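J.: First the structure, which I've put down as structure tokens, then a few questions once you've had a look.
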Amino acid sequence: MSAFVLTGGKVVTGAGVLDPGWLAISDGVIIGVGDHTASIPRDAREIPVSGWVVPGFVDIHCHGGGGSAFWEPDQEDVLRAVATHRAHGTTTMLASLVSRPVDELAKQTAALAELVDDGFLAGVHLEGPFLSAARCGAHDPAVLRPPSPEAVRMLLDAGRDTVRMVTLAPELDGSLDAIRRLADDGVLAAIGHTDAVVGQARAAVDAGATVATHLFNGMRPLHHREPGPVGAVIQDERVTVELICDLVHLHPDIVSMMARFAGAERTVLVTDAMAAAAAGDGVYDVGGLEVTVRDGVSMLAGADQDGAIAGSTLTMDRAFRHFVRDAGMSIEDAVAATATCPARLLGLGDTTGALHPALAADVVVLDDELRISRVLCRGEWM
């Protein structure tokens, strides 16, 4: 593959913004970055771009898109979801599964492991079934259970080292032991869908939990006399916090407040997208529960569900745009939250997540309104 250079855009690197800058790519790898004072590699084909040139997005919490979910038995459906999010700039992603019986989850995990091996996915995220029935959200309460050692081992074995994160409620029996086991195995333990009080959440972090799954959503709320999990994790430098920046799950002022408090080193934007992302309104199935999507907002069907939000229809380009335009964060902060920080969290910081020489050519070109213009994944145009 011959080398080519993207020229004319504002290139966002970890050291700042090159305006105008250039980015040289060959054989799927970044081979050079510079501004107008540096020479473009000789014999490289120039491709003029405008707007912003940023790293490809890394989504650690996504359930599907394009009309398909990651638990679909047909591999083509799963690949459709991957392609949908790649078209919106997500070049690296975990496939998130919702709560189901352990044997069923094991089969789903084993199927996804093949796509991890083939490079379509960076790993699997198990959101459940070790969750609190009191904060289950769009998870079927009938299949929730405490995390026994046997159940944890069955799921990890099914994934063949592709399970990268497990969300669980730390107040359940056996959760602290499960967190220790996950941490020992190099799997991210995440606190989520939990009714834990602050002491229980702190104990989970001490045991090895390092992520807060979609902060505020699916957890005991912050209270001035009982800070709960939010109060425990937001102050702890060991914990990275997920934020769903769709302006539905969180008010933009909360997004801004939490992102500024946690800082660029601990803030990760996620989509928590379900099948309806980039697919339109309608009725969908999420882990055996009926979900209605209207005006882009997904809610559990039925009045008895008390209007619980059921995932999102978000894509990472919109999350990036909302983070800057609505939450008032900088472009550099948005790059950190959508690429650099999540890549580092997954242990992929030496592969992707930034625009540096020797990293993969995962690149998003955004126009001046921060809308998708072009996407490169491993040097290939999407």
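The values are calculated or read from the model by the stated rules, or taken from the named source; none is laboratory data. On a predicted model such as this, the values are computed, not experimentally measured, just so you know. So basically every Cβ, Gly included, is an ideal-geometry build from the backbone, and we count neighbours across all protein chains shown.
J.: Test each condition in (1) closer than 27 Å to Ala308 by Cα; (2) surrounded by 24 or more Cβ atoms within 10 Å (Cβ to Cβ) for Val163 and report the one that comes out false.
T.: (1) is the only condition that Val163 fails.
J.: I've got another one for you. Has region 237-253 got at least one residue that is over 20 Å from Leu168 (Cα atoms) and not in a loop (DSSP other than H, G, I, E, B)?
T.: Yes, region 237-253 contains a residue that is over 20 Å from Leu168 (Cα atoms) and not in a loop (DSSP other than H, G, I, E, B).
J.: Can you name the number of the only condition in (1) part of a loop (DSSP other than H, G, I, E, B); (2) touching a Phe, Trp or Tyr at 6+ places or on another chain (Cβ under 8 Å); (3) of a type in the set (A, V, I, L, M, F, W, C) that Ala178 fails?
T.: (1)
J.: Among the residues of region 139-158, is any surrounded by fewer than 24 Cβ atoms within 10 Å (Cβ to Cβ), farther than 28 Å from Met219 by Cα and within 21 Å of the chain's Cα centre (by Cα)?
T.: no
J.: Just the residues that are modelled with pLDDT under 95 and part of a loop (DSSP other than H, G, I, E, B), please, taken from region 298-349.
T.: Hits for region 298-349 are Ala301, Gly302, Asp306, Gly307, Ala308, Ala310, Gly311.
J.: If you scan region 14-31, which residues turn out to be surrounded by fewer than 21 Cβ atoms within 10 Å (Cβ to Cβ), at pLDDT 95 or above and part of a strand (DSSP E or B)?
T.: Val17, Ser26, Val29, Ile31
J.: What are the residues in region 288-303 that are touching a residue at least 12 places away in the same chain (Cβ under 8 Å) and touching a strand residue (DSSP E or B) at 6+ places or on another chain (Cβ under 8 Å), if any?
T.: Within region 288-303, Leu289, Glu290, Val291, Val293, Val297, Ser298, Leu300, Ala301, Gly302 qualify.
J.: When you look at Phe4, is it at pLDDT 95 or above, surrounded by 24 or more Cβ atoms within 10 Å (Cβ to Cβ) and not hydroxyl-bearing (Ser, Thr, Tyr), yes or no?
T.: No; evaluated as a whole, the condition is false for this residue.
J.: Out of everything in region 272-290 that is of a type in the set (A, V, I, L, M, F, W, C) and over 21 Å from the mean Cα position of the chain (by Cα), what residue ends up being nearest to Val98 (Cα to Cα)?
T.: Leu289
J.: With respect to Asp236, is the statement that it is closer than 24 Å to Asp177 by Cβ, assigned by TED's automatic domain parsing to the domain that holds Arg325, of a type in the set (Asp, Glu) and surrounded by fewer than 24 Cβ atoms within 10 Å (Cβ to Cβ) true?
T.: Here the answer is yes, as Asp236 does meet what is asked.
J.: Let me ask something else about it. Tell me yes or no: at least one residue of region 120-135 is assigned to a helix (DSSP H, G or I) and buried (at least 16 other Cβ atoms within 10 Å of the Cβ).
T.: The answer is yes, given that some residue of region 120-135 is assigned to a helix (DSSP H, G or I) and buried (at least 16 other Cβ atoms within 10 Å of the Cβ).
J.: Continuing with the same structure: Going residue by residue through region 53-74, is there one that turns out to be in a loop (DSSP other than H, G, I, E, B), among the β-branched types (Val, Ile, Thr) and under 23 Å from the mean Cα position of the chain (by Cα)?
T.: Yes - at least one qualifying residue is present in region 53-74.
J.: State all residues of region 328-361 that are hydrophobic (A, V, I, L, M, F, W, C) and more than 20 Å from Lys10 (Cβ to Cβ); if no residue qualifies, say none.
T.: Cys341, Ala343, Leu345, Leu346, Leu348, Ala358, Ala360
J.: So the check is Cβ under 8 Å with 6+ separation or different chains; which pairs have a first residue in region 95-123 that's charged (D, E, K, R) and a second one that's in a helix (DSSP H, G or I)?
T.: Partner pairs satisfying both residue conditions: Arg100/Gln108; Arg100/Val143; Asp103/Met154; Lys107/Ala158; Glu114/Gln75.
J.: Let me ask something else. Can you tell me which of (1) surrounded by fewer than 24 Cβ atoms within 10 Å (Cβ to Cβ); (2) assigned to a helix (DSSP H, G or I) is the one Arg100 doesn't meet?
T.: With respect to (1) surrounded by fewer than 24 Cβ atoms within 10 Å (Cβ to Cβ); (2) assigned to a helix (DSSP H, G or I), Arg100 is out only on (2).
J.: What do you reckon, is Asp246 modelled with pLDDT of 95 or more, more than 18 Å from the chain's Cα centre (by Cα) and of a type in the set (Asp, Glu)?
T.: Answer is no for this residue.
J.: From Ile309, Ile331, grab the single residue that is more than 16 Å from the chain's Cα centre (by Cα) and within 21 Å of Leu97 (Cα to Cα).
T.: Ile309
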